[in-house]
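Colleague: Sending over a structure as structure tokens; questions will come in a sec.
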Amino acid sequence: MSMNKVANAKIYHWCRANESNCGKEYPRVVKMSHYEYGAIRSNLHKTYPFVGYEIVKNEGEVKHLKFYI
């Protein structure tokens, strides 16, 4: 399993564990490629519609995201 899959699994686990914690923020900003961003955005929309995210920094092909409930 690649590092990105591990990081994404941690985000999904955090989403499930904090579903009822409105206002909770993921403890760190996550750096991902444009492709990874598209995949996680789609998965969150389909599976965890209660999770929002904000692009903190956009460096072309690399995005820095902050997730929250």
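The values are calculated or read from the model by the stated rules, or taken from the named source; none is laboratory data. Note that the coordinates shown come from a computational prediction; the quantities given were computed from them, not determined experimentally. Here the Cβ is made from the backbone with ideal geometry for all residues, glycine too, and neighbour counts use every protein chain on show. All accessible areas refer to the heavy atoms of the entire protein, side chains included, with ligands and DNA or RNA removed. Shrake-Rupley method; radii C 1.70, N 1.55, O 1.52, S 1.80 Å.
Colleague: Within the range 6-40, how many residues turn out to be over 19 Å from Val62 (Cβ atoms) and part of a loop (DSSP other than H, G, I, E, B)?
Modeller: 8
Colleague: Scan Tyr68, Tyr12, Tyr37 and give me the residue that is modelled with pLDDT of 95 or more and not hydrophobic (A, V, I, L, M, F, W, C).
Modeller: Just a single option satisfies the conditions, and that option is Tyr68.
Colleague: Could you grab me the full set of residues in the range 9-36 that are within 12 Å of Phe67 (Cα to Cα) and open to solvent by less than 70 Å² (accessible area, probe 1.4 Å)?
Modeller: Ile11, Tyr12, Trp14, Cys15, Asn18, Gly23, Tyr26, Val29, Val30
Colleague: Given Lys57, Lys63, which one is over 9 Å from the mean Cα position of the chain (by Cα) and open to solvent by less than 60 Å² (accessible area, probe 1.4 Å)?
Modeller: Working: Lys57 fails: open to solvent by less than 60 Å² (accessible area, probe 1.4 Å).
Answer to the check: Lys63.
Colleague: Listed residues Glu19, Glu59, Glu54; which is among the acidic types (Asp, Glu) and without any contact (Cβ under 8 Å) to a residue 12 or more places away in the chain?
Modeller: Values: Glu19 fails: without any contact (Cβ under 8 Å) to a residue 12 or more places away in the chain; Glu54 fails: without any contact (Cβ under 8 Å) to a residue 12 or more places away in the chain.
None of the others qualify; the one that does is Glu59.
Colleague: Return a yes/no flag: does the range 15-31 have any residue that is within 9 Å of the chain's Cα centre (by Cα), modelled with pLDDT under 90 and of a type outside the set (Val, Ile, Thr).
Modeller: No.
Colleague: Return the residues of the range 42-54 that are farther than 19 Å from Val6 by Cβ and open to solvent by 80 Å² or more (accessible area, probe 1.4 Å); say none if nothing qualifies.
Modeller: Selection gives His45, Lys46, Pro49, Glu54.
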